[in-house]
């Protein structure tokens, strides 16, 4: 039986008295692929930022591997958990290789030099993610898809057990979207990495996740196996609109088809 690695209990978060998250509770098991969906403004990114401790001052409790989030040092938390943002800024003045090497900081002493083992881990991470071919290129010269692959390479080099990803395929073309999803599946299978991923793409979520949580106005309105969210009433409750469905030609999974505007 897989261990619970993230436990959220009655999590609430507000900004200037405006509630962003309210009474959120769920658990994530080791190696699970959990996708978080919901309309704009539902609180998805805020939830990830609370779990990663980018945001503090929330109510309730977050427990990571049996230990309260507040009790971790930043360095020890980074050995367990990594956050991959929606996009990597184009103005970062480092090469891709240098950026990925920086992800080794949780495993280094304050004034220690980079060891051959660290360099080998970075090489392996970049080879796995297909980013070794532009290791010497400055981040600003990379496309959005390439920068996102570098972000994931850094997460692999960090050797965290839990990946929190905020819309990793946003703004990417279909080929790069597929590359990112294939890469996440490979990381999950190879290392047993726990994946918690925010996305607006319901089809991607249902085809790639073990389970899905849907947020609406800061509350959980669905929490269950991925396939079960593809229900007309469930989706209408979440998004306030009706959807049309078809069966995926390879898996038979029910997926959403685009609207036809007359």
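The values are calculated or read from the model by the stated rules, or taken from the named source; none is laboratory data. Bear in mind the structure is a predicted one, so any value in this text is a computation, not a measurement. Counting neighbours? That spans all protein chains shown, and the Cβs are built from the backbone with ideal geometry, glycine included.
Could you grab me the full set of residues in the range 117-130 that are part of a loop (DSSP other than H, G, I, E, B) and surrounded by fewer than 18 Cβ atoms within 10 Å (Cβ to Cβ)? Result: 130, single match. Against the criterion of being touching a strand residue (DSSP E or B) at 6+ places or on another chain (Cβ under 7 Å), touching a residue at least 60 places away in the same chain (Cβ under 8 Å) and crowded, with 18+ Cβ neighbours inside 10 Å, residue 135 does not qualify.
Every residue, every condition in (1) in contact with a strand residue (DSSP E or B) (Cβ under 8 Å, 6 or more places away or on another chain); (2) modelled with pLDDT of 95 or more; (3) not in a strand (DSSP E or B), yes or no:
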site: 46; (1), (2), (3): yes, yes, yes
site: 50; (1), (2), (3): yes, yes, yes
site: 93; (1), (2), (3): yes, no, yes
site: 106; (1), (2), (3): no, no, yes
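Which one of 114, 150 is surrounded by fewer than 16 Cβ atoms within 10 Å (Cβ to Cβ), touching a helix residue (DSSP H, G or I) at 6+ places or on another chain (Cβ under 9 Å) and either free of Cβ contacts under 8 Å to residues at least 24 places away in the same chain or not assigned by TED's automatic domain parsing to the domain that holds residue 52 (or both)? Just one listed residue meets the conditions, 114. Against the numbered list (1) buried (at least 22 other Cβ atoms within 10 Å of the Cβ); (2) assigned by TED's automatic domain parsing to the domain that holds residue 6; (3) closer than 23 Å to residue 64 by Cβ, residue 223 comes up short only at (1).
Only one entry of 204, 211 meets the criterion of being at pLDDT 95 or above, assigned by TED's automatic domain parsing to the domain that holds residue 236 and under 14 Å from the mean Cα position of the chain (by Cα), and that entry is 211. Flag: residue 159 matches the condition of being on the phi > 0 side of the Ramachandran plot, surrounded by fewer than 23 Cβ atoms within 10 Å (Cβ to Cβ) and in contact with a helix residue (DSSP H, G or I) (Cβ under 8 Å, 6 or more places away or on another chain).
Any residue that is touching a strand residue (DSSP E or B) at 6+ places or on another chain (Cβ under 9 Å), under 30 Å from residue 203 (Cα atoms) and in a loop (DSSP other than H, G, I, E, B) - is there at least one of those in the range 67-76? No, there is no match, as no residue in the range 67-76 is touching a strand residue (DSSP E or B) at 6+ places or on another chain (Cβ under 9 Å), under 30 Å from residue 203 (Cα atoms) and in a loop (DSSP other than H, G, I, E, B).
Here residue 198 fulfils each of the conditions (1) surrounded by fewer than 15 Cβ atoms within 10 Å (Cβ to Cβ); (2) at pLDDT 95 or above; (3) in contact with a strand residue (DSSP E or B) (Cβ under 6 Å, 6 or more places away or on another chain) apart from (1). Of the residues making up the range 54-74, those that are surrounded by 18 or more Cβ atoms within 10 Å (Cβ to Cβ) and touching a residue at least 24 places away in the same chain (Cβ under 8 Å) are 58, 62, 64.
Against the conditions (1) in contact (Cβ under 8 Å) with a residue 12 or more places away in the chain; (2) out of contact with any strand residue (DSSP E or B) (no Cβ under 6 Å at 6 or more places or on another chain), residue 127 satisfies every one except (1).
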